[in-house]
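Visitor: Pasting a structure below so you can have a look.
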Amino acid sequence: MPIYSVIQLSQELIRKKSITPDDKGCQKLISNLLVKAGFTIETHRFGDVDNLFAWHGDKAGKSLMFLGHTDVVPVGDESNWQLPPFSGHVDESYLHGRGSADMKAGVAAFTLSVIKYVRENPNHNGKISLMLTSDEEGVAENGVKKMMPHIAINHEIDYCVVGEPSSSEQLGDVVRIGRRGSLHVAITVHGKQGHVAYPQNASNPVFLAAGLIKDLACYKWDNGNEDFPPTSFQISSVKTSSNTSNIIPADLSIQANFRYSTESTEESLNKQLTQLLKQHNLDYSLNWNLSGLPFYSQNHQFRSVVESSIREYCHINPIFNTAGGTSDGRFVAPFGVDVIELGVINKTIHQIDEKVLIDDVKKLEKVYFRLITSLL
Ligand SMILES: [Zn+2]
């Protein structure tokens, strides 16, 4: 088995066209390396999604898990790429390709750090593990969401480091210590269908809802707190049930999403929205869909270890925040695990010509290694 450098392993992973949810052998490549280093492997395929959990050590002490995904988003029109998206091309500064930043370099970095750690410390304290899924970029139903209940029965996890690209301008400048909750709601405002020429016999739900929409635009759901910005509410679509020009529609449907802080809950948001609808005397129905609870790591020791590891190799002080979209961390945190996200710069993720700085990948491997030695 070849001994990979972190760049070589990243390249090998990029060359596998693992468009979500197809893992295309990425996890096999990684598990072969881990088995050789003495890790125990569990693989679980749920639906069309491959998942892997690997662990080493069982002694008393803390347990640290790295979390990542091997799937990538589609490349779009390949002819727009300057370099073939799955070539894993390397120039003097960058490693190029789909998934280079999100997040195959991160996966390669933590895989090689755990292997190095176990080789150097075969009788280490605690437990080191990693979890990979090929369903993070897709619907995320058959990945970490299903793995965690399964794994948590036999494996207690104290800390989880998600290798997602958290950095913004410089490696390590931003670390996520939680995420806002994400809650979808479909609001249907009911009116009465009729001919546009006879409005006295109908009731237009668009006009009925106009005041509500205006109020929603500036409504304050909460004030946020030190670690979370105030809850935001955005409407993504407004549609009527009519598609002809001479019918007053029966219904107006509004699709909206809350990104909410820990100052609000599903219940409190429901209550506030219902109150607003009632204030506007609307006949309505609501359909809720919770896509992720907010989570937040309050473990200051964990945070200070992360901070000092970043300072040592990146020579900067990270900002800890809860911004950005959801990640698989949302499925781990409810098990009482302290979750942080730390990875490469996210500027080109999901874009054409995705790339990552080679130096950053090498540094990230060292930061992860330092995290392991400090936490176990
Ligand atoms: Zn990702």
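The values are calculated or read from the model by the stated rules, or taken from the named source; none is laboratory data. Here the structure is a predicted model, which is why all the values come from computation and not from measurement. Glycine gets a Cβ as well: all are built from the backbone with ideal geometry, and neighbour counts include every protein chain shown.
Visitor: Tally time: how many residues in the stretch 309-332 are surrounded by fewer than 22 Cβ atoms within 10 Å (Cβ to Cβ), modelled with pLDDT of 90 or more and among the aliphatic types (A, V, I, L, M)?
Guide: Total meeting the criteria: 2.
Visitor: So for the stretch 31-38 (the condition being polar (S, T, N, Q), surrounded by fewer than 16 Cβ atoms within 10 Å (Cβ to Cβ) and in contact with a Ser or Thr (Cβ under 9 Å, 6 or more places away or on another chain)), does at least one residue qualify?
Guide: Taking every residue of the stretch 31-38 in turn, none turns out to be polar (S, T, N, Q), surrounded by fewer than 16 Cβ atoms within 10 Å (Cβ to Cβ) and in contact with a Ser or Thr (Cβ under 9 Å, 6 or more places away or on another chain).
Visitor: If you check every pair at least six apart or on different chains, which have Cβ atoms under 8 Å apart with a residue in the stretch 89-103 that is over 18 Å from Lys363 (Cβ atoms) and touching a residue at least 12 places away in the same chain (Cβ under 8 Å) first and a residue that is buried (at least 24 other Cβ atoms within 10 Å of the Cβ) and among the small types (Gly, Ala, Ser) second?
Guide: Close Cβ pairs satisfying both conditions: Gly99/Ser18.
Visitor: Here's something else I'd like to know. Please determine whether any residue of the stretch 208-229 is crowded, with 21+ Cβ neighbours inside 10 Å and under 20 Å from the mean Cα position of the chain (by Cα).
Guide: Within the stretch 208-229, one or more residues are crowded, with 21+ Cβ neighbours inside 10 Å and under 20 Å from the mean Cα position of the chain (by Cα).
Visitor: Now for a different question. Restricting attention to the stretch 198-219, does a residue exist that is more than 30 Å from Gly38 (Cα to Cα), part of a helix (DSSP H, G or I), among the aromatic types (Phe, Trp, Tyr) and free of Cβ contacts under 8 Å to residues at least 40 places away in the same chain?
Guide: yes
Visitor: Taking the stretch 264-286 only, how many residues are of a type outside the set (S, T, N, Q) and assigned to a loop (DSSP other than H, G, I, E, B)?
Guide: 3
Visitor: Okay, next question. One residue is enough: does the stretch 235-243 have a residue meeting the conditions surrounded by fewer than 13 Cβ atoms within 10 Å (Cβ to Cβ) and over 26 Å from Gly325 (Cα atoms)?
Guide: Yes, there is a match, as at least one residue in the stretch 235-243 is surrounded by fewer than 13 Cβ atoms within 10 Å (Cβ to Cβ) and over 26 Å from Gly325 (Cα atoms).
Visitor: Can you name every residue in the stretch 198-243 that is of a type in the set (Asp, Glu) and over 26 Å from Arg176 (Cβ atoms)?
Guide: The answer is Asp215, and nothing else.
Visitor: So, one more: Going through the stretch 40-70 one residue at a time, which ones are within 26 Å of the chain's Cα centre (by Cα), assigned to a loop (DSSP other than H, G, I, E, B), at negative phi and not charged (D, E, K, R)?
Guide: Listed by number, the list holds a single entry, Thr70.
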